[in-house]
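Undergrad: I am attaching a structure below and will ask some questions about it afterwards.
The values are calculated or read from the model by the stated rules, or taken from the named source; none is laboratory data. These numbers come from a predicted model, not from an experiment. No Cβ is skipped: glycine too gets one built from the backbone with ideal geometry, and neighbour counts run over all protein chains shown. The area values use the complete protein model at the heavy-atom level, side chains included, leaving out ligands, DNA and RNA. Shrake-Rupley method; radii C 1.70, N 1.55, O 1.52, S 1.80 Å.
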Amino acid sequence: MASDRSGFTLFELIIVIGIFLLISGMLLVNFRRSRQGDVVRITALRLTTDVQRMQTAALAGGVEDRLAVAYGVHVDTAQPGRYVLFGDRIRCAEDAQGAGVCRANGQYDAGVDPREELGDGAISLPINVRIAGIRTVPPDAAVPAVDVLFRPPRGTVVIAPDATEVRIILRHTDYDDTRTVTINRISGRVNVE
């Protein structure tokens, strides 16, 4: 009597499980890489939001710090894991003739006046995202650091060193994924590329 058994052999089951594991592994690798790429995009959007927050503070006049005469963002490639939000304050000093001179210099004064740094001023980037470079246009040049300042009451944009546009390049340390945050002095526009 011949038996009519239907089903799969052990060999067929092993082949199907192997194919399933191979496809699952490829999907997992692509999913992890996609998530890591999102880290750079989200960091660029956070930087953009913080720049726009400083611009809004200048337009609103004294929202972040009542003593600040302008608000800005300081980015430095020597400290690639962070950027600083600051309020430019008036400082008084004596000039060569001994007369008191009070002015705001339009730049972040690291270590000179710690009150310039806003409450949540030093923003740390995720561990695997770094500031890879800063470029100004014109001239088209790489610079080690930049201050983007917004002056009240109109939110006038000042870029130091002097430029029409600044591009801050963020890069993932493990993957070749970059995003560029562009700030235009003339229009005040801030965007991510």
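Undergrad: Tell me the carbon and sulfur percent of the accessible area for segment 77-128, rounded to whole percent, probe radius 1.4 Å.
TA: The value for segment 77-128 is 51 percent carbon and sulfur by accessible area.
Undergrad: OK, next. Pull out the extension gain between Ser24 and Asp120, defined as 0.36 nm times the separation in residues minus the alpha carbon to alpha carbon distance; nm, one decimal.
TA: 30.4 nm
Undergrad: Return the FRET efficiency for the residue pair Thr178, Ser6: r is the Cβ-Cβ distance, R0 is 41 Å, and the value is rounded to the nearest 0.05.
TA: On the way: r = 56 Å, r/R0 = 1.37.
About 0.15, to the nearest 0.05.
Undergrad: Here is a further query. Considering only protein heavy atoms, what is the solvent-accessible area of Ser24 at a probe of 1.4 Å, reported in Å² to the nearest 10?
TA: So the heavy atoms of Ser24 present about 50 Å² to solvent.
Undergrad: Of Phe20, Phe8, which has the most accessible area and how do the rest follow, probe 1.4 Å?
TA: Of Phe20, Phe8, the descending order of accessible area is Phe8, Phe20.
Undergrad: Keeping all protein chains in the complex and leaving out DNA, RNA and ligands, what accessible area do you get for Leu22 with a 1.4 Å probe, in Å² to the nearest 10?
TA: The accessible area of Leu22 comes to roughly 110 Å².
Undergrad: Using a 1.4 angstrom probe on the protein heavy atoms only, line up Ile23, Ile127 by accessible area, largest first. Don't skip to the end; give the middle numbers.
TA: Numbers: Ile23 90, Ile127 150 Å².
Greatest to least solvent exposure: Ile127, Ile23.
Undergrad: Send over the per residue convex hull volume for the chain, Cα only, as a whole number of Å³.
TA: 176 Å³
Undergrad: Where only protein heavy atoms count, and the probe is 1.4 Å, what is the accessible area per residue for the chain in Å²?
TA: 61 Å²
Undergrad: Report, to the nearest 10°, how far helix 10-60 tilts away from the longest principal axis of the Cα atoms in the chain, using its own Cα long axis and a range of 0 to 90°.
TA: Approximately 10 degrees, to the nearest ten.
Undergrad: Over the chain, calculate the relative contact order: mean separation of alpha carbon pairs under 8 Å at least 6 apart, over the residue count, as a percent. Before the final figure, lay out each step's value.
TA: Numbers: 347 pairs, mean separation 41.1, N = 193.
After rounding, I find 21 percent.
Undergrad: Listed highest first by mean packing, meaning other Cβ atoms within 10 Å per residue, what order do 47-55, 99-107 come in?
TA: 47-55, 99-107
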